[in-house]
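Here's the structure we're looking at; comments come further down.
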C-alpha cells in the first residue's frame with residue numbers, strides 16, 4: 001500500500017451549511033481521484049484533514065498557520081501515513097481574504113477583486129445608475145473590494161450616497177443602523193461587497209419592514225448563493241459569479257453514502273440526521289432527534305444544496321485548487337518516472353508551480369448572475385475585462401430578464417438647461433438651471449450653455465439656434481401701405497395743382513404769385529412726396545444713398561422756391577415806394593439764381609457725404625436681441641446732420657421773412673400763407689429729431705417718412721389750397737382789382 005507522504009487541509013467555514021459540506025466532499029473526491037491517477041504523484045498517496053473555521057477569517061488563518069508549522073495532530077485513519085512535520089498546502093477558507101502582502105504564498109482560484117470591482121463599476125455606469133448606496137463586509141474582502149469599486153466608480157462619474165460596513169459579529173444595533181440607512185436613502189441601487197453570511201443578516205433585517213424596490217448589485221460571494229433566492233427583495237439582483245462547470249463522477253460520489261460511512265464522520269452524521277430528522281443507530285453522544293433512523297432513508301431523494309450539482313461554481317474552484325496543488329507538488333518532487341518524497345522544498349516553489357500548472361486562463365472569468373425570479377438564477381458567462389459589457393450584451397438586456405430601474409440623485413437636465421452642482425453635495429446632485437437669454441444647450445446634462453451666433457436666437461425650448469427674423473419696413477407691411485397711399489396721394493395732389501395752375505396760367509391769381517416759382521415749387525413738392533417711397537423696402541446700397549440725398553436735395557429745392565417767393569413778395573412792396581428800383585435786382589433771372597444757388601449748396605453737401613462716408617445697408621443686432629433690424633447706417637453722421645441742418649436754416653430764414661411780410665396790404669397776401677406753411681414745417685422737423693432718435697427698428701424709417709409727408713402736405717395745403725379754391729370755386733374773385741384790394745367788399 002502506498003505511503004501517505006503529504007496531507008492537504010481544507011478549512012470548512014460553516015456549521016452544517018449543506019452547500020459548504022458539498023465543497024468539503026468535493027475536496028475529498030478530488031484527493032481520491034488524484035490518488036487513483038498514475039500520471040500525477042505516482043506512488044504517493046495524499047491525505048487530508050477537514051477543519052471547521054467557524055466562518056471566521058482569523059480562525060482560518062490561525063488554523064492554517066498551525067497546519068503549516070506542524071502544530072496540529074496528523075489525521076491517520078489507515079495507519080499507513082507517514083507523519084510529516086508540516087503540511088505543504090492548505091485549501092480554503094472559502095471566504096478567505098488574506099492580505100497578499102502579509103502572505104505572499106497565498107493564492108486564489110478566483111479572479112482578483114480589483115477586476116470584479118472595475119467590472120461592477122462598468123455595469124453600474126452602463127445602466128445609468130449614478131446615485132448608489134454601498135454596503136460592505138467589515139473584513140479585508142469587503143473593505144479592499146469596496147475601496148477598489150469606489151475608486152473605479154469615481155472614475156466613471158458615479159456618486160455614492162452612503163458607504164456602510166457590517167460583520168455579523170458586531171452588535172445588533174449596528175445591523176439596525178445599516179438597515180435604517182438603507183431604508184432612508186434615496187438611492188435605489190445598492191452595491192453590496194459582502195460575504196454571504198453577513199449579507200444574510202442584512203437581508204433578513206431589511207425583510208422585516210416594507211422596503212422600496214431596490215436593485216442589488218452583488219459581489220460574487222453571495223450573488224449565486226441559493227439561500228438568497230427565497231427573499232423577494234433580492235429578485236432582480238445583478239452581479240458577477242463564477243462560470244458553471246461539470247465535474248464527472250462527483251454526483252455519484254456525493255450520493256454514495258451508507259449509514260456506516262456516515263457514522264465514521266461527525267460532519268456526515270450531522271448532515272444525515274439533519275436531512276432526515278432522525279438519529280442514527282450506534283451513534284455515540286446525544287442527539288436532538290428522538291426518532292431513530294430505520295434504514296429506509298434515501299439520500300437520492302433529497303433536494304438540498306448538498307445534492308444539487310447543477311450549479312457547480314465554487315465547487316469547481318475547490319476541485320481546481322486541489323489539482324493545482326497536486327500538479328505543483330508533482331513538478332517539485334517528481335521526474336518522468338518516479339517521485340522522491342524526501343526532497344525538501346520551500347513554499348514559494350509550490351506557489352510558483354501552482355500558478356504555472358493550474359490553468360489560470362480559465363479562472364480569469366466571471367459570469368454575470370441575475371436573479372430573474374424566486375428559485376431561479378441566470379448566469380451569463382462573460383469575460384471580465386476593462387470594458388462592460390464585454391460580449392453577449394443582447395442576452396443580458398432582454399426585456400423579459402431585466403427591467404432597468406432609475407437611481408439618480410437628480411433627474412437629468414433636459415436640453416435648454418445646464419447643471420449646477422448643489423453646494424456641499426456630490427457632483428451627481430445638481431439643479432437644472434435654464435439657460436440665460438440668448439444661450440442654448442442642445443444635449444442632456446450640459447455643464448454649460450453656449451451663446452448663439454450673432455445672427456441667431458434660441459428657440460422656445462432653448463435647445464437650438466434659429467436665424468433671427470429680419471425686420472424692415474417692407475412693401476407688404478400695413479404701415480408701409482398706409483404711408484405709400486399718403487405719398488402717392490400727395491404727389492397726385494401736387495400734379496392736380498400743376499394742372500389747375502397750368503390751365504389758369506393767364507389768370508391774375510396765378511400770375512400775381514410768380515407762376516414760374518409756383519410751378520417749380522409744385523414740381524419739387526411732387527418729388528418730396530415720391531422720395532418718401534425710397535425709404536420703403538429692404539435697404540440696399542443704392543437705396544440707402546438715394547433716400548437721404550434725394551430727400552435733402554428735393555426739400556432744399558422746395559424751401560428755396562418758397563424762400564424765393566417770400567423775397568419777391570417783400571421786394572414787390574418795397575418797389576411801390578417812391579424812387580425805389582429794387583425789383584430790377586429780383587427779376588426772373590435772379591429768382592432762378594436764388595433757387596439754383598441754395599440748391600447747389602445742398603448738392604455739394606450731399607456729394608461730399610457720399611464721397612467721404614456714404615450711407616450703407618446695416619444689420620442692427622443691438623437694438624433688439626431676438627431679431628435683426630435692416631436699416632441704413634448714416635455713414636457720416638456729420639453729413640446727415642449737415643443736410644438736415646441746412647434745410648432747417650433755410651426753413652427758419654423763410655419763416656422769418658414771411659413773418660415780416662404777413663401784414664402787407666393785399667387782399668391775397670401770400671406771405672401770410674407761407675408763414676403758416678413754414679410754421680408747420682418747422683414744428684414737424686423739430687418734433688422729428690427726438691422721435692427719430694428714440695423710435696425702434698422700422699419705426700425709425702416710418703417717423704422719417706411721416707415727417708417728409710407731413711411737412712410736404714403742410715406746404716401744399718397752406719400755400720396752394722387757398723389759390724385753387726378761388727380758381728375753381730370763386731372765379732369771380734380771380735381778378736386783378738380784387739387781388740390788389742381795389743374792389744370794395
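Pop the C-beta distance of residue 65 and residue 143 into the FRET formula with R0 = 30 Å and round what comes out to the nearest 0.05. The value I calculate is 0.85.
Based on the mean of other beta carbon atoms within 10 Å per residue, what is the order of 678-686, 218-226, most packed first? Walk me through the numbers on the way to the answer.
On the way: 678-686: 18.6, 218-226: 24.6.
In decreasing order of mean packing, 678-686, 218-226 become 218-226, 678-686.
Using the average count of surrounding beta-carbon atoms within 10 Å as a protection proxy, the listed peptides 40-46, 244-250 rank, highest first, as 40-46, 244-250.
What the Cβ-Cβ distance of residue 16 and residue 335 gives, at R0 = 51 Å and to the nearest 0.05, is a FRET efficiency of 0.70. With no solvent and one point on each alpha carbon, what is the Debye value of log10 I(q)/I(0) for the stretch 417-467 at q = 0.13, 0.30 Å⁻¹? These q points yield log10 I(q)/I(0) values of -0.32, -1.07. Normalising the average separation of contacting C-alpha pairs (under 8 angstrom, six or more residues apart) by the number of residues puts the relative contact order of the stretch 417-467 at 32 percent.
Each peptide among 422-430, 292-300, 551-559 gets the average number of other Cβ atoms lying within 10 Å of its residues, and from highest to lowest they stand as 551-559, 422-430, 292-300.
What list do you get for 659, 688 if you sort them by fewest beta carbons within 10 Å?
Values: 659 16, 688 19.
Ranking 659, 688 by Cβ neighbours within 10 Å, fewest first, gives 659, 688.
Run the paramagnetic zone check for residue 624: 7 angstrom along Cα to Cβ, then residues of the stretch 678-700 with backbone nitrogen under 17 Å. What the label zone holds, given the 17 Å backbone N cut-off, is 694-700. Over the stretch 478-736, with a single point scatterer placed on each C-alpha, what log10 of the ratio I(q)/I(0) does the Debye formula yield at q = 0.08, 0.09, 0.16, 0.17 1/Å? Debye output, listed in q order: -0.34, -0.43, -1.19, -1.31. A straight line joining the Cα centroids of the stretch 167-204 and the stretch 486-502 runs 98 Å. Only Cα pairs under 8 Å and 6+ residues apart enter the sum, and on that basis the relative contact order of the stretch 478-736 stands at 24 percent.
Rounded to the nearest 0.05, what FRET efficiency do residue 611 and residue 725 give with R0 = 45 Å and r taken as the Cβ-Cβ distance? Could you check? Don't skip to the end; give the middle numbers.
Details: r = 46 Å, r/R0 = 1.02.
For residue 611 and residue 725, the calculated efficiency is 0.45.
Computed from label points 7 Å out along Cα-Cβ, the spacing between residue 656 and residue 443 is 7.2 nm. Counting neighbouring Cβ atoms within 10 Å and putting the fewest first, the residues 283, 291 line up as 291, 283.
We did not get these values from a lab; they are worked out from the coordinates using the rules stated. Computed from a predicted model, the values in this text were never measured in an experiment. Please note: Cβ atoms are built from the backbone with ideal geometry, for glycine as well, and neighbour counts cover all protein chains shown.
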